[in-house]
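Heads up: the structure comes next, in structure tokens.
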């Protein structure tokens, strides 16, 4: 499946990985040793989500070449921020002509496993896109509690630990400093998360982004991706156990 909602950049230069290492939530330095894919996020200094993307070292990449695979809608603002942080680092950023394809069957040569969850299959970066398989990716994400922009991940609002980044291998607590690291580490070590991503059963028509409330009107969260009678939701966990409403739909907590 070629994903037209993604932008692919090529990063080149002698300092690409050290440059990214000081900015993003995950450890990208292992990519210097060989091909692989790392999922990471860029945060505000206050620890809030700005963008998430895959950092890719392709098996057939030129020496020092790294790809970033990012939601197209987030690409312009993220490029401006990376350019601001780059200063005098030997890093060049340009848009790539490669396509990203996805699948769940036997991976083609050069494909890399999706680093978030094995259930999400593989990703391939190539000059020619592959035919799209018949996969309900939203249903798959809902089943495995995998958030995406913009349904769950909201710039300048979401906190990545509430959105499952630790479970999905999107943050490394041993890698050292990055933008927003202090707040993220404090949430990890000093507080109990009271809000988070959950899977809910949906009875009735419900729209992504709808406010979730208790029967008495108190707010309990926000609805995300809806796939059939299941959905992702960001919930206040102290209000998640009883009946929930999203507009005219009834919700019930299934997993978190």
Quiz item: Do we find a residue being buried (at least 19 other Cβ atoms within 10 Å of the Cβ), farther than 27 Å from residue 140 by Cα, touching a residue at least 24 places away in the same chain (Cβ under 8 Å) and in contact with a helix residue (DSSP H, G or I) (Cβ under 9 Å, 6 or more places away or on another chain) anywhere in the range 59-79?
Solution: yes
Practice problem: Read through the list (1) surrounded by 15 or more Cβ atoms within 10 Å (Cβ to Cβ); (2) within 30 Å of residue 109 (Cα to Cα); (3) out of contact with any helix residue (DSSP H, G or I) (no Cβ under 8 Å at 6 or more places or on another chain), then give the number of the only condition that residue 53 fails. | Solution: (3)
Quiz item: In the range 85-104, is there at least one residue being without any contact (Cβ under 8 Å) to a residue 24 or more places away in the chain, farther than 23 Å from residue 15 by Cα and crowded, with 19+ Cβ neighbours inside 10 Å?
Solution: no
Quiz item: Conditions: (1) surrounded by 14 or more Cβ atoms within 10 Å (Cβ to Cβ); (2) touching a residue at least 24 places away in the same chain (Cβ under 8 Å); (3) within 19 Å of residue 151 (Cβ to Cβ). Residue 222 meets all but one. Number of the miss?
Solution: (2)
Quiz item: When the range 193-241 is examined, which residues are found to be more than 22 Å from residue 138 (Cβ to Cβ) and part of a loop (DSSP other than H, G, I, E, B)?
Solution: 193, 194, 214, 215, 216, 217, 218, 241
Practice problem: Only one of these is touching a strand residue (DSSP E or B) at 6+ places or on another chain (Cβ under 9 Å), in contact (Cβ under 8 Å) with a residue 60 or more places away in the chain, loosely packed, with under 14 Cβ neighbours inside 10 Å and under 19 Å from residue 227 (Cα atoms): 157, 136. Name it. | Solution: 136
Exercise. Taking residue 1 as meeting all but one of (1) modelled with pLDDT of 95 or more; (2) outside the structural domain of residue 114 (by TED's automatic domain parsing), write down the number of the exception.
Key: (1)
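One line per residue, one yes/no per condition, for (1) without any contact (Cβ under 8 Å) to a residue 40 or more places away in the chain; (2) out of contact with any helix residue (DSSP H, G or I) (no Cβ under 7 Å at 6 or more places or on another chain); (3) outside any helix (DSSP H, G or I):
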position	(1), (2), (3)
7	no, no, yes
10	no, yes, yes
14	no, yes, yes
17	no, no, no
20	no, yes, no
26	no, yes, yes
31	yes, no, no
38	no, no, yes
41	no, yes, yes
Practice problem: Give the residue that is surrounded by the most Cβ atoms within 10 Å (Cβ to Cβ), with candidates limited to residues of the range 178-194 that are modelled with pLDDT of 95 or more and in contact with a helix residue (DSSP H, G or I) (Cβ under 9 Å, 6 or more places away or on another chain). | Solution: 178
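To keep it simple, each residue is scored yes or no on (1) in contact with a helix residue (DSSP H, G or I) (Cβ under 8 Å, 6 or more places away or on another chain); (2) closer than 22 Å to residue 70 by Cα.
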position	(1), (2)
134	no, no
154	no, yes
171	yes, yes
207	no, no
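In the range 61-82, which residues are assigned to a loop (DSSP other than H, G, I, E, B) and out of contact with any strand residue (DSSP E or B) (no Cβ under 6 Å at 6 or more places or on another chain)?
Once the filter is applied, which keeps residues that are assigned to a loop (DSSP other than H, G, I, E, B) and out of contact with any strand residue (DSSP E or B) (no Cβ under 6 Å at 6 or more places or on another chain), the range 61-82 yields 61, 62, 63.
The values are calculated or read from the model by the stated rules, or taken from the named source; none is laboratory data. What you see is a predicted model; the values in this text were computed from it and never measured. Here Cβ is always computed from backbone atoms with ideal geometry, including for glycine, and neighbour counts include all displayed protein chains.
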